[in-house]
Amino acid sequence: DTGVSQDPRHKITKRGQNVTFRCDPISEHNRLYWYRQTLGQGPEFLTYFQNEAQLEKSRLLSDRFSAERPKGSFSTLEIQRTEQGDSAMYLCASTHGSGWETQYFGPGTRLLVL
Amino acid sequence: GDSVTQMEGPVTLSEEAFLTINCTYTATGYPSLFWYVQYPGEGLQLLLKATKADDKGSNKGFEATYRKETTSFHLEKGSVQVSDSAVYFCAPMFGGSNYKLTFGKGTLLTVNP
């Protein structure tokens, strides 16, 4: 399978704990996006990487959130001191080129904060 | 600012019925337009896309035409099947914004046999 992969697929944590999600994009895709989807809503943009550079962060991404993409390959999204409002599906998408190309999504990581 | 409005559901149809899901956008420029589908228990999949005015995207019997004059990209299918039951998202990609997608709220379609 050469699609976008995400790990873990499900995560249950207690409020106040830190969690980290991983995204492995399609090989040689230089652009990577993180989105968040809450129940009954469409995905919302969180952050964007071109190669290893993080070029945009949404206002939704509070200072408890941090994302990295070392060496321009896989990416991690960490949430510190989780809150119940962080419960959502976290989606990763990748694409290539420099413009309007289709984004390919991974299966997502579903986070539940108790 | 740039935004998208999608017809909210849920939509319930009988098999072989005609489907339309409305999607309109506001933009300062000319976005590329996408429809994504999320089948139960699965991830988001591209259904179809159109990149310029009057383009028609099509896939699996679904069609949508990029209408610049009405800033719309309505999704249609002439005869739905039970297997089309899913959530459908309209998602413009506005230029000058790092080409991120802006998703509508989604429309849940249920097709009954």
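Every number here is computed from the coordinates shown, using simple stated rules; none is lab data. Everything numeric in this text was worked out from a predicted model, so none of it was measured. Neighbour counts run over all protein chains shown; Cβ positions are idealised from the backbone, glycine included.
What to note about this one:
- Options A:THR38, A:HIS96, A:GLN54, ranked by Cα towards positive dipole end of chain A, top entry (Cβ charges): A:THR38
- Most mobile listed residue (A:LEU55, A:LEU32, A:LEU91) in chain A, GNM with C-alpha springs under 10 Å: A:LEU55
- Those aspartates and glutamates that a straight Cα-Cα span of less than 13 Å connects to B:LYS68, excepting residues fewer than 8 apart in one chain: B:ASP54, B:ASP55
- Rounded if a/c under 1.5, otherwise prolate or oblate - chain A, Cα gyration tensor axes: prolate
- Given +1 at the Cβ of Lys and Arg, -1 at the Cβ of Asp and Glu and no other charges, the dipole of chain B around its Cα centre is 320 debye to the nearest 20.
- Beta bridges per DSSP, both residues in the protein assembly as shown: antiparallel share near 90 percent.
- Neighbour-limited loop hits for chymotrypsin sites (Phe, Trp or Tyr not before Pro), region B:1-85 (at most 15 other Cβ within 10 Å; DSSP other than H, G, I, E, B): B:PHE18
- With only the Cα atoms considered, the protein assembly as shown has a convex hull volume of 123 Å³ per residue.
- With both labels modelled 7 Å from their Cα along Cα-to-Cβ, the A:LEU114 to B:LYS60 distance reads 3.6 nm.
- Average other protein chain Cβ within 10 Å of Cβ, residues A:96-109: 4
- Top positive-direction residue, dipole computed over the protein assembly as shown with Cβ charges, set A:THR82, B:ASN22, B:GLN38: A:THR82
- Mean Cα-pair separation over length for region B:17-71, i.e. relative contact order, pairs under 8 Å, 6 or more apart, %: 26
- Average Cα contact separation per residue, chain A, under 8 Å, 6 or more apart, as relative contact order %: 37
- Unit charges at the beta carbon, dipole of region B:59-113: most positive-side option, B:TYR66, B:ALA86, B:PHE103: B:PHE103
- Ignoring aspartates and glutamates fewer than eight residues from A:LYS11 along the same chain, the ones with Cα atoms less than 13 angstrom from its Cα are A:GLU78, A:ASP86.
- Placing a pseudo-label 7 Å from each Cα along the Cα-to-Cβ vector at B:SER85 and A:PHE74 gives an inter-label distance of 3.7 nm.
- Shape of chain B, Cα gyration tensor, a/c cut at 1.5: prolate
- Inter-site label distance for B:THR26 and A:ARG64 at 7 Å from Cα along Cβ, in nm: 3.2
- Amide N proximity, region A:55-95 versus A:ARG22 label position 7 Å along Cα-to-Cβ, cut-off under 11 Å: A:74-76
- Region A:36-76: relative contact order in percent, alpha carbon pairs under 8 Å with at least 6 residues between: 31
- GluC sites (Glu not before Pro), loop per DSSP, at most 12 other Cβ atoms within 10 Å - longest free stretch of chain B: B:70-113
- The calculated FRET efficiency for the pair A:TRP100 and A:ARG15, based on their C-beta separation and a Förster distance of 35 Å, comes to about 0.30.
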